[in-house]
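In what follows, a structure is listed as structure tokens, so that the remarks can point back to it.
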Amino acid sequence: VGLKADAEGVVVSCGTQDVGNGSRSTLAHVVAEGLGLPLAKVAVRLGDTDLPRGPMAAGSRTTATLVPALEDAVGDLLDEVVAALREGGSPAELVDGRVRVGGVETPLLELLARTGPLEVLGRRGPDRGGSFVPFAVGGLWIGRGLAGALILTEVEVDSRLGRVVPLRVWAGYGVGRVAVPTLARSQALGGVIQGLSYGLYEERRLDPHTGRVLTRGLEDYRIAGLGDTPEIVTEFVDEGWDHVPGGSVGLGELATVGVVASLANAVRHATGWRPLELPIRPDRVLAGLGSPS
């Protein structure tokens, strides 16, 4: 991840892309917090092969790769500011992540007006303690340790109409330090809603004669809406990843994959019938309740 800084603000540059996973917002927040700048003074450039190399948006590793690299760049930039000020004769020092000149904390942009433009490149180092397997898989090293999720779902099942209504979901995630809590919670909530949506409603239908997809639009393909969304409580455990640069691992798929299993187990607990097909439609519920469990 690259940082270019001058008296006008800071530009973050990386060849990764943001396909809705919040990379642009995450990078801006981390830089703003690390350098003590307002968000308006941070610009983010992504998605260009001429920019510093970054991860692809897959495998729930984008944020866990970008954040430690960016924090490395932030630290190097502050060191460069201090070094440039000292060369100019100013008694500068770095205290608790902020630059002090003569014992007084000075806004970074004012200091950059004195030092001139600076540019640094941050990198993510390897995990400590080795990898999960001793060789690369598809060019990637699998880290030692696996993230975890615990999903509890409370449902109400109408035994006459076959309708399943989720009432509450509790979702806990062990992914280490959360870089931007607001964005992480939003991703967790979206993952739960997506899991409930494909568990209860979403279904691709094909023409049996031509193989063409019949459910090609939202008028034919049902997804969860606001009225289908239950109360959702999210919790994060920030321990257990001290061996990983940045102290965190990916949240992406983890936010969704356990929801359907929890949903189906809740239906089983409520009715004695275990769903084995998705979505858990009313007709399938009624057929299941009418047959031996």
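The values are calculated or read from the model by the stated rules, or taken from the named source; none is laboratory data. Note that the structure is a prediction, hence the values are computed from the model and not measured. Positions of Cβ are backbone-derived with ideal geometry, glycine not excepted, and every protein chain shown enters the neighbour counts. Accessible surface areas use protein heavy atoms only, side chains included; no ligands, DNA or RNA. Shrake-Rupley method; radii C 1.70, N 1.55, O 1.52, S 1.80 Å.
Points worth noting:
- Within the stretch 169-184, the set of residues being open to solvent by 70 Å² or more (accessible area, probe 1.4 Å) and at pLDDT 95 or above comprises just one member, TRP170.
- Residue match in the stretch 55-70 (condition: within 17 Å of the chain's Cα centre (by Cα) and closer than 18 Å to ASP6 by Cα): yes
- Residue count, the stretch 97-152 (criterion: within 18 Å of GLU33 (Cα to Cα), assigned to a loop (DSSP other than H, G, I, E, B) and either touching a Leu at 6+ places or on another chain (Cβ under 9 Å) or open to solvent by 70 Å² or more (accessible area, probe 1.4 Å) (or both)): 3
- In the stretch 76-90, of all residues being in contact (Cβ under 8 Å) with a residue 12 or more places away in the chain and over 11 Å from THR115 (Cβ atoms), the one that is surrounded by the fewest Cβ atoms within 10 Å (Cβ to Cβ) corresponds to ASP79.
- Of everything in the stretch 248-269 that is open to solvent by less than 60 Å² (accessible area, probe 1.4 Å) and at pLDDT 95 or above, the residue that is farthest from GLY22 (Cα to Cα) is VAL267.
- Tabulated pairs, the stretch 52-63, first touching a residue at least 40 places away in the same chain (Cβ under 8 Å) and of a type in the set (D, E, K, R), second open to solvent by less than 30 Å² (accessible area, probe 1.4 Å) and outside any helix (DSSP H, G or I), C-beta under 7 angstrom, 6+ apart or interchain: ARG61/PRO55; ARG61/GLY250
- Taken over the stretch 270-293, the criterion of being aliphatic (A, V, I, L, M) and either out of contact with any Gly (no Cβ under 8 Å at 6 or more places or on another chain) or open to solvent by 60 Å² or more (accessible area, probe 1.4 Å) (or both) is satisfied by ALA270, LEU276, LEU278, LEU286, ALA287, LEU289.
- Some residue of the stretch 127-150 being modelled with pLDDT of 90 or more and in contact with a strand residue (DSSP E or B) (Cβ under 7 Å, 6 or more places away or on another chain): yes
- Members of the stretch 185-209 that are open to solvent by less than 90 Å² (accessible area, probe 1.4 Å) and among the polar types (S, T, N, Q): SER186, GLN187, SER197
- Residue among GLU231, GLU235, GLU239 that alone is more than 21 Å from SER186 (Cβ to Cβ) and among the charged types (D, E, K, R): GLU239
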